[in-house]
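Take a look at the structure set out below.
The values are calculated or read from the model by the stated rules, or taken from the named source; none is laboratory data. What you see is a predicted model; the values in this text were computed from it and never measured. Please note: Cβ atoms are built from the backbone with ideal geometry, for glycine as well, and neighbour counts cover all protein chains shown. Accessible surface is based on the protein model in full, side chains and every heavy atom, while ligands, DNA and RNA are left aside. Shrake-Rupley method; radii C 1.70, N 1.55, O 1.52, S 1.80 Å.
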Amino acid sequence: MNTLIISGASKGIGLATAKAFADTGYRVINLSRHPAEDDRIENHAVDLLQPNASDKLDEIFKRQLTAGPLTLVHNAAKLINDSIDTSTPGDLREILELNVVAPQLLNSKLLPYMHPGSAIIYVGSTLSEKAVANSFSYVTSKHAIVGMMKATCQDLSGKQIHTACVCPGFTDTEMLREHVGHQQEVLTDIASASTFGRLIDPSEIAETIMFAARSPVINGAVMHCNLGQKES
Ligand SMILES: NC(=O)c1ccc[n+]([C@@H]2O[C@H](COP(=O)([O-])OP(=O)(O)OC[C@H]3O[C@@H](n4cnc5c(N)ncnc54)[C@H](OP(=O)(O)O)[C@@H]3O)[C@@H](O)[C@H]2O)c1
């Protein structure tokens, strides 16, 4: 049976992705602090920001995994509203720890289990290749993820494991709603900035992640999925 290991599938894009893979018969293993509410998903409570995360992951993978073709999706991330003049080294460290270091922690532990046919999909953002004001640490981390994905492609050359960075635009999840302070008028404004005049549904990103994971020809690629953003 094909296996998906995904971080942050308790809600949002991660949950939609876990469900989409479960729908097609994958075994799905979720790593997040809270469980995904779906009986088909195997939940393991891990806080990727805690120092004990490394030992916990060792224990989970030793007990739960055998080597084979695995799909690893690096989805868990955190967004804070900060800027160059307010960001503290502590803020930046915490965002980089979850958004950048945790994916490499998972890579290092899972690569020994990954046979040819495996895939490593990074979830980036429109902000992986452009910046906006007031998302300083997040923008920095999402640019770093593109570099990590490109390095993954080069370092795994010959192993028949492919990688891509799927970059969502404004998607209707708790992360986005919290970011705008749950203000409906701001969400409406954001939606109108897409050429389709709406927010993205998490299931649309899930489908793109699955397509990337099943397409080895997409290797080292940055895939933007944002409904087309209007340029001012
Ligand atoms: N929504 C958007 O508009 C948008 C746009 C571009 C890119 N993205 C990217 O898409 C991905 C998913 O975002 P989303 O909008 O679905 O976010 P979300 O609704 O806030 O979900 C984030 C997930 O990350 C997990 N997580 C957070 N902190 C964690 C920790 N310390 N340890 C383990 N897991 C943790 C959360 O699980 P627990 O709380 O249960 O731990 C949750 O399942 C992220 O990489 C994000 O940067 C989102």
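Counting the residues of region 66-79 that are in contact with a helix residue (DSSP H, G or I) (Cβ under 6 Å, 6 or more places away or on another chain), among the aliphatic types (A, V, I, L, M) and either open to solvent by 10 Å² or more (accessible area, probe 1.4 Å) or modelled with pLDDT under 95 (or both) gives 3.
The condition of being under 29 Å from Thr140 (Cβ atoms) and either in contact with a Ser or Thr (Cβ under 7 Å, 6 or more places away or on another chain) or in a helix (DSSP H, G or I) (or both) holds for only one of Asp85, Asp55, that being Asp55. With respect to the conditions (1) within 16 Å of Val73 (Cα to Cα); (2) open to solvent by less than 30 Å² (accessible area, probe 1.4 Å), Leu176 lacks only one, and its number is (1). Output the residues belonging to region 183-203 that are within 13 Å of the ligand (Cβ to nearest atom) and open to solvent by 60 Å² or more (accessible area, probe 1.4 Å). Answer for region 183-203, where residues must be within 13 Å of the ligand (Cβ to nearest atom) and open to solvent by 60 Å² or more (accessible area, probe 1.4 Å): Arg198, Asp201. Quick check, is Val100 in contact with a Ser or Thr (Cβ under 9 Å, 6 or more places away or on another chain), outside any loop (DSSP other than H, G, I, E, B) and either among the polar types (S, T, N, Q) or open to solvent by 10 Å² or more (accessible area, probe 1.4 Å) (or both)? Answer is yes for this residue. Taking the conditions exactly as written (open to solvent by less than 10 Å² (accessible area, probe 1.4 Å), in a helix (DSSP H, G or I) and either among the β-branched types (Val, Ile, Thr) or more than 9 Å from the ligand (Cβ to nearest atom) (or both)), does Ala22 satisfy them or not? No; evaluated as a whole, the condition is false for this residue. Of all residues in region 203-228, those that are among the charged types (D, E, K, R) have Cβ atoms under 8 Å from Cβ atoms of residues that are part of a helix (DSSP H, G or I), 6 or more apart or on another chain, in Glu207/Ala20.
Residue under question is Asp47, and the condition is that it be at pLDDT 95 or above, acidic (Asp, Glu) and out of contact with any helix residue (DSSP H, G or I) (no Cβ under 8 Å at 6 or more places or on another chain); does it hold? So Asp47 fails the test.
Quick one: which residue in Ile95, Ile121 is open to solvent by less than 60 Å² (accessible area, probe 1.4 Å), touching a strand residue (DSSP E or B) at 6+ places or on another chain (Cβ under 9 Å) and not polar (S, T, N, Q)? Being open to solvent by less than 60 Å² (accessible area, probe 1.4 Å), touching a strand residue (DSSP E or B) at 6+ places or on another chain (Cβ under 9 Å) and not polar (S, T, N, Q) holds for just one of Ile95, Ile121, which is Ile121. Collect the residues in region 25-43 that are surrounded by fewer than 21 Cβ atoms within 10 Å (Cβ to Cβ) and farther than 19 Å from Ala67 by Cα, keeping them in residue-number order. Residues satisfying the conditions are Arg33, His34, Pro35, Glu37, Asp38, Asp39, Arg40, Asn43. Considered as a group, the residues in region 112-126 that are within 16 Å of the ligand (Cβ to nearest atom) and assigned to a loop (DSSP other than H, G, I, E, B) include one that is nearest to Ile218 (Cα to Cα), and that residue is Gly124. Kindly indicate whether Asn107 is within 11 Å of the ligand (Cβ to nearest atom), at pLDDT 95 or above and within 26 Å of Ser54 (Cβ to Cβ). So Asn107 does not fit the description; no.
Hey, could you check region 137-164 for residues that are in a helix (DSSP H, G or I) and of a type in the set (Lys, Arg) and say which is surrounded by the most Cβ atoms within 10 Å (Cβ to Cβ)? Within region 137-164, the match that is surrounded by the most Cβ atoms within 10 Å (Cβ to Cβ) is Lys142.
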